[in-house]
Amino acid sequence: MVRFVVKASDFEIWPNVVAPFPEWTPQVIERLERWALGRSNPRNWRGRISPLQVKNCISIETKDYRDREWRPLLIKKCLQLSQSELGVIIGDKVYISSQTVLNGTLGYVMTSIPARELWGDGWVLRIKSPKDALQMD
């Protein structure tokens, strides 16, 4: 698991974040808030329209399902695998976030592969080596 610790001030309160979008009608907002009753409090919801750069995170932490404590994720590079895919190497795995359209909505799908497959013969390589990675800071 990976946790991004961010500043609340980098986000807008609900429903201000959807105000610029006409498809977020009062009826749609009310339906979402009603669905959340008992699960979540919309007064605590935050969001943002533009992506938050990694350098703006307070910290990035990770833990295994068996771990009790979060520990700093010491990654300095992000792998640009394609125009719509980014990956990070953690231990012996590459975790890949792929931008996709799900039911007409832009979303992200996470997959992982063994790190050896990224540089091996059996995977279609989009980058040649770790040196082709992007600096995150």
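For Arg43, state whether it is modelled with pLDDT of 85 or more, more than 14 Å from the chain's Cα centre (by Cα), exposed (fewer than 11 other Cβ atoms within 10 Å of the Cβ) and part of a loop (DSSP other than H, G, I, E, B).
It is false that Arg43 is modelled with pLDDT of 85 or more, more than 14 Å from the chain's Cα centre (by Cα), exposed (fewer than 11 other Cβ atoms within 10 Å of the Cβ) and part of a loop (DSSP other than H, G, I, E, B).
What is the number of the single condition among (1) under 14 Å from the mean Cα position of the chain (by Cα); (2) at pLDDT 90 or above that Trp35 does not meet?
Looking at each condition in turn, Trp35 falls short on (1).
Thr105 is checked against (1) over 16 Å from the mean Cα position of the chain (by Cα); (2) farther than 25 Å from Glu117 by Cβ; (3) not assigned by TED's automatic domain parsing to the domain that holds Val2 and fails just one. What number does that condition carry?
The one condition Thr105 does not meet is (1).
What tally of residues in region 46-80 results from selecting those that are over 14 Å from the mean Cα position of the chain (by Cα), under 20 Å from Ile96 (Cβ atoms) and part of a loop (DSSP other than H, G, I, E, B)?
Selection size over region 46-80: 7.
The values are calculated or read from the model by the stated rules, or taken from the named source; none is laboratory data. Quick caveat: nothing in here was measured; it's all calculated off a predicted structure. Neighbour counts run over all protein chains shown; Cβ positions are idealised from the backbone, glycine included.
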